[in-house]
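In what follows, a single structure is set out as structure tokens and then discussed.
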Amino acid sequence: MSVVSTKPLTVAVVGATGVVGGTMIRMLRERRFPIGDLRLLASARSAGRAVDVDGTPYVVQEATPEAFEGVDIALFSAGGDTSKSLAPEAARRGATVIDNSSAWRMDPDVPLVVSQVNPDDLEAHEGIIANPNCSTMQLVPVLMALRDAVGIERVVVDTYQAVSGTGAKAIRELQAQVEQHVAERALESSVYPHQIAFNALPQVDVFLENGYTKEEWKVVTESRKILHLPELRVSCTAVRVPVFVAHSEAVHVETVEPLTPDRARTLFAAVPGVVVQDDPTTATYPLATEAAGSDEIFVGRVRQDPSIPGDRGIAFWVVSDNLRKGAATNAVQLAEILVERGWVRAAAARNAAGSPA
Ligand SMILES: NC(=O)c1ccc[n+]([C@@H]2O[C@H](COP(=O)([O-])OP(=O)(O)OC[C@H]3O[C@@H](n4cnc5c(N)ncnc54)[C@H](OP(=O)(O)O)[C@@H]3O)[C@@H](O)[C@H]2O)c1
């Protein structure tokens, strides 16, 4: 789906020099989002630098509160601190912010939305909308299918996450370590606490007091919020692997009612944006290398989990491009829904109507 015609909007991309910001700019162009004025914002370090957009150089400006004057939609992917300080400034100036950081996701007044799961939650926005974490993003559309058909009791998910999830520096670190290995030189690590090349790190983000990492806990809390299942039992182990793009997940779900793998495949295939790739006889299953560059969520290896009695256990493998559906594509899809439903400046309009004359 993409927006075909509407009044051209002023769109700001905050973090435009980053990996996600760059993908957002590509997505806006690919999906023909109705842009009148495109403002590329980043830190003072990048101000004045030119970014090529379809052959046209755009000069990056520093993200300051004033840079959001006249902006209709602001797509943020410049880290939590930037979002905390600047998203309210943008919203105060009438912009609707779609924020990629974790700064606002669990705020009860901020909708946390996956385009094909809970788009109606966008209506209540007060100027800031949160885009979920990439690991949660690819999981919940698939869980939604099970929730709606047979109910879900418990989810256990183990992730195999690409380095691009950490940003541009991590991509360079993996590339450099592979080259150092080939050249038989010592491997240098600065982004991750250990070498990432030829390794699997059971740490994504910082540790919390409960022994989980912040990334693992995001999957738990964000899934509950998006699926409107506040009591859902979820556990996650998040692992960083030496893959450049696309996260993979091994998922085990305990359902309320019995479910066969065949029915699960049918349910998954009916979700918009989900593609089933599942034929063990031809070694067909989702792969990070093939998912990279696509907007879809790929599901395979669907099988009965015999450790759950009564055919109420189902296991599967989910892969998606963390930079596209996991971040930029969903953000642009949310912007498209705002445009289609007339909710772009909804909060600003409500506030103006409510303010004294
Ligand atoms: N990568 C993913 O898969 C993914 C998925 C979902 C969400 N996210 C989130 O998206 C955000 C960006 O991730 P990334 O992977 O694109 O990182 P990145 O490649 O390191 O890019 C960071 C961007 O943020 C900008 N920035 C940093 N400090 C700033 C400041 N004080 N004011 C304005 N801009 C500032 C940088 O601008 P300069 O060039 O000026 O430094 C750069 O454009 C993070 O919050 C991350 O958690 C990432």
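The values are calculated or read from the model by the stated rules, or taken from the named source; none is laboratory data. From a predicted model like this one, the values you see are computed outputs, not experimental measurements. Neighbour counts run over all protein chains shown; Cβ positions are idealised from the backbone, glycine included. To get the accessible areas, we keep the full protein, side chains included, count just its heavy atoms, and leave off ligands, DNA and RNA. Shrake-Rupley method; radii C 1.70, N 1.55, O 1.52, S 1.80 Å.
Taking the inverse of the mean reciprocal distance over all distinct Cα pairs, the Kirkwood hydrodynamic radius of region 194-299 comes to 16.2 Å.
Largest mean-square fluctuation among Val51, Val234, Val71, in a Gaussian network model of the chain whose springs join Cα atoms under 10 Å apart, belongs to Val51.
With a cut-off of 8 Å between alpha carbons and a minimum separation of six or more residues, what is the relative contact order of region 1-115 in percent? Over region 1-115, the number comes to 24 percent.
Once you divide the Cα radius of gyration of region 32-134 by 2.2 N^0.38 Å, the number left is 1.10. Each Cα pair under 8 Å and six or more residues apart adds its sequence gap; the mean of these over the residue count of the chain is a relative contact order of 18 percent. Annotation for region 215-288: GluC sites (Glu not before Pro) lying in DSSP loop with at most 16 further Cβ atoms inside 10 Å of their Cβ are Glu231. Give Lys7/Lys84; Lys7/Lys225; Lys169/Lys218 a once-over and call out the pairs whose C-alpha atoms are over 26 Å from each other. Lys7/Lys84; Lys7/Lys225, as the Cα separations exceed 26 Å there.
Taking each residue as 0.36 nm, the span from His228 to Glu340 lengthens on full extension beyond its C-alpha to C-alpha distance by 37.9 nm.
Taking the 1.4 Å solvent-accessible surface of the chain as the whole, the part contributed by carbon and sulfur is 52%. What would the Debye formula give as log10 I(q)/I(0) at q = 0.17, 0.18 Å⁻¹ for the alpha-carbon point model of region 238-328, no solvent? For the requested q values the scattering log ratios are -0.74, -0.81.
DSSP finds beta bridges in the chain, and of those with both partners inside it, around 50 percent are antiparallel. Using only the C-alpha atoms, the convex hull of the chain corresponds to 164 Å³ per residue. Surface analysis of region 35-194 yields an accessible area of 42 Å² per residue, using protein heavy atoms and a 1.4 Å probe.
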